[in-house]
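Colleague: Take this structure, written in structure tokens, and hold onto it; I'll ask about it next.
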Amino acid sequence: MKNHFLKTICAGLFIIFSFQINAKTILSRFSQYELGAWACRQHLEISDLIYPAITNKKLKALSCDGKYIAAEEGHKFFEQEAVAFISTDNEDPTIGYDTTFPSPMTEPFYSFSIYKTRIDVQTSINAPKISFDYLQFQKLLNEEMKQYLAMYAVNQVVYFESIPKSSANILIRFNKQLFNEGQKPSTILYKTDSLITPFSQIEKANRGSYDYPAFVSTDPNDPTKGHDTLVKVPASFTLNDSSNYQYLYYVLKGNANNLHIEAISAAYMLPIQDFQLSFFQGFIKYKGVMSLSAFEKAFLESMVLFQIEIRLLPQGGELDGYLEKFNLKAEQESRRY
């Protein structure tokens with residue numbers, strides 16, 4: 001995990017998660033909303049670095065024939081017109097006139113298209129695509145930015161407006177991978193975050209499924225005749241249902257000087273009457289997880305770090321800002337316990 005991971009945690013991790021000061025195991029989770037807020041940050045930061053990179057000649061725009069465009073011309077694609085008031089009277093500052101000047105765009109760009117030799121940037125839906133050399137562009141990115149572009153690209157394109165949908169799909173994919181790994185006979189799958197009691201093979205086969213009562217009519221002429229039964233809904237159906245609130249649980253173990261992810265579990269909530277009930281899918285020790293690649297694990301660790309950060313600094317409102325920008329507050333509230 002990243003070197004600054006422990007430094008962030010030391011500032012107040014145990015307070016965040018409401019554990020006693022000598023706690024050694026911490027259970028938490030992240031959902032598609034935290035995932036989306038993290039992605040929103042990466043998209044905005046990538047957008048913000050392009051203009052100064054052109055100024056510093058670390059990045060050069062390309063014309064359609066592959067030739068470099070001068071910085072003065074390259075800037076124009078990423079500028080907006082700003083308005084300023086020029087005062088002309090030393091005695092009365094209200095006397096003067098408005099003027100306009102070019103200023104770097106501040107809104108997240110519409111899309112990034114990633115190809116083998118270039119990256120295309122589109123600032124808005126009606127703006128032209130501006131190309132940059134792939135290697136030049138990559139040198140500007142930190143690891144989290146690279147994770148974002150790789151994880152959120154759909155058919156090689158990352159759209160800002162698609163962040164909520166992509167976040168949900170990524171979490172569904174992770175949960176399915178972890179669930180399927182937990183089904184394997186060779187996987188030791190624990191029932192709780194204490195990591196003491198494993199599922200039996202029979203319990204593994206049935207985990208994640210649930211029953212609901214239904215009436216089966218047996219007389220086409222009289223719908224009241226029939227019998228009650230239980231309908232079994234398999235986990236595969238629930239895990240593929242994006243309307244269910246899916247999230248991922250993780251266990252941090254150790255102390256502020258030696259803390260690591262000990263285990264992870266796929267999970268989701270189902271609406272039962274007026275409540276949302278959690279359904280754990282079993283914990284797998286993190287070191288033994290085989291269904292996630294090294295890149296996916298690094299991505300997951302970035303998410304854990306981000307979640308700790310936004311809980312340490314709630315006044316920043318980064319999660320709230322994301323929910324408001326994409327009109328997700330009501331949806332998130334409806335899915336709380």
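The values are calculated or read from the model by the stated rules, or taken from the named source; none is laboratory data. From a predicted model like this one, the values you see are computed outputs, not experimental measurements. Glycine gets a Cβ as well: all are built from the backbone with ideal geometry, and neighbour counts include every protein chain shown. With ligands, DNA and RNA removed, areas are computed over all heavy atoms of the protein, side chains included. Shrake-Rupley method; radii C 1.70, N 1.55, O 1.52, S 1.80 Å.
Colleague: Could you compute the FRET efficiency for Ser103 and Val154, with r as their C-beta to C-beta distance and R0 at 30 Å, rounded to 0.05?
Modeller: 0.45
Colleague: About its Cα centre, what dipole magnitude does segment 44-130 give when the only charges are +1 on Lys and Arg Cβ and -1 on Asp and Glu Cβ, stated in debye to the nearest 20?
Modeller: Here segment 44-130 has a charge dipole of around 940 debye.
Colleague: While we're looking at this one, here's another question. Tell me the Kirkwood radius of segment 289-335: reciprocal of the mean inverse pair distance over distinct alpha-carbon atoms, in Å.
Modeller: 12.5 Å
Colleague: Taking the alpha-carbon distance from Lys204 and a cut-off under 19 Å, which aspartates and glutamates remain once sequence neighbours fewer than 8 residues away in the same chain are dropped?
Modeller: Within the straight-line limit of under 19 Å, Lys204 reaches these aspartates and glutamates: Glu181, Asp193.
Colleague: A further question follows. With all protein chains present and a 1.4 Å probe, how do Leu27, Leu328 order by accessible area, largest first?
Modeller: Result of the area sort, largest leading: Leu27, Leu328.
Colleague: Which far-off residues, 5 or more places away or on another chain, put their amide H under 5 Å from the one on His260, with H placed in the peptide plane?
Modeller: Excluding prolines and chain starts, which carry no amide H, the hits are Lys253.
Colleague: Expressed as a whole percentage, what fraction of the accessible surface of segment 55-132 belongs to carbon and sulfur atoms when a 1.4 Å probe is rolled over the protein heavy atoms?
Modeller: With neighbouring chains kept in place, the figure for segment 55-132 is 52 percent.
Colleague: Something else about it: With unit charges on the beta carbon (Lys/Arg positive, Asp/Glu negative), name the residue among Ser200, Ser162, Ile172 whose Cα is farthest towards the positive pole of the charge dipole of segment 144-208.
Modeller: The residue sitting most towards the positive pole is Ser200.
Colleague: Would you mind computing, in nm to one decimal, how far apart the modelled labels at Asp92 and Leu140 are, each placed 7 Å from Cα along Cα→Cβ?
Modeller: 4.6 nm
Colleague: Of the listed pairs Lys116/Lys184; Lys184/Lys285; Lys24/Lys329; Lys287/Lys325, which have alpha-carbon separations greater than 25 Å here?
Modeller: From the list (Lys116/Lys184; Lys184/Lys285; Lys24/Lys329; Lys287/Lys325), the Cα-Cα distance tops 25 Å for Lys116/Lys184; Lys24/Lys329; Lys287/Lys325.
Colleague: In square angstrom, rounded to the nearest 10, how much accessible surface does Glu331 have for a 1.4 Å probe?
Modeller: For Glu331, solvent-accessible area is about 70 Å².
Colleague: So which chymotrypsin sites (Phe, Trp or Tyr not before Pro) in segment 61-163 pass both tests, a DSSP loop state and at most 14 other Cβ atoms within 10 Å of the Cβ?
Modeller: Sparse-neighbourhood loop chymotrypsin sites (Phe, Trp or Tyr not before Pro): Tyr115.
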